[in-house]
Amino acid sequence: MPPGSLFVPIAQAKAPLIMTMLEPRSGESFASWGFFNTAFEQKEYMEPYVAERVATEMLARDPTLAKEFERKLTEDDAFAKNPQARLEFFYRRHPSWDERYNLYPVLKVDRVP
């Protein structure tokens with residue numbers, strides 16, 4: 001776990017409350033109350049005119065990526081018809097993509113090693 005993480009043991013009387021508050025599907029969770037909204041907000045993005053240039057550069061530089069893109073274009077009709085999805089294909093593979101986007105900030109483990 002990264003530095004600054006908080007471990008909450010559930011071997012305690014308030015365990016059901018803790019589990020309810022941290023379970024994202026619970027109607028009474030921190031997530032449903034909006035405390036974790038920033039985890040689900042895209043903070044970085046590329047304007048389409050920038051993404052088009054980046055996509056062109058990435059295709060020219062990486063033949064494997066170009067093949068993957070062409071395969072997706074031919075196999076996925078919805079993708080082929082959606083300009084935003086095609087640009088996102090490249091943005092998700094660009095170094096500026098936020099790997100933590102849509103990552104719920106709570107780790108649940110069955111047991112501590």
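Side notes on the structure shown:
- Checking GLN42 against (1) open to solvent by less than 50 Å² (accessible area, probe 1.4 Å); (2) under 17 Å from PRO105 (Cα atoms), the condition it does not meet: (1)
- When every residue of region 8-15 is checked against the conditions, none turns out to be surrounded by 10 or more Cβ atoms within 10 Å (Cβ to Cβ), of a type outside the set (Ser, Thr, Tyr) and in contact (Cβ under 8 Å) with a residue 24 or more places away in the chain.
- Residue in region 43-52 that is of a type outside the set (Ser, Thr, Tyr) and within 30 Å of PHE7 (Cα to Cα) present: yes
- Residue satisfying condition, being open to solvent by 60 Å² or more (accessible area, probe 1.4 Å), touching a Leu at 6+ places or on another chain (Cβ under 9 Å) and among the acidic types (Asp, Glu), within set GLU52, GLU47: GLU52
The values are calculated or read from the model by the stated rules, or taken from the named source; none is laboratory data. Remember, it's a predicted structure, so these values are computed and weren't measured experimentally. A quick note on method: Cβ atoms are made from the backbone with ideal geometry, for glycine too, and the neighbour counts reach across all protein chains shown. Note: accessible area is taken over every heavy atom of the protein model, side chains too, but ligands, DNA and RNA are not part of it. Shrake-Rupley method; radii C 1.70, N 1.55, O 1.52, S 1.80 Å.
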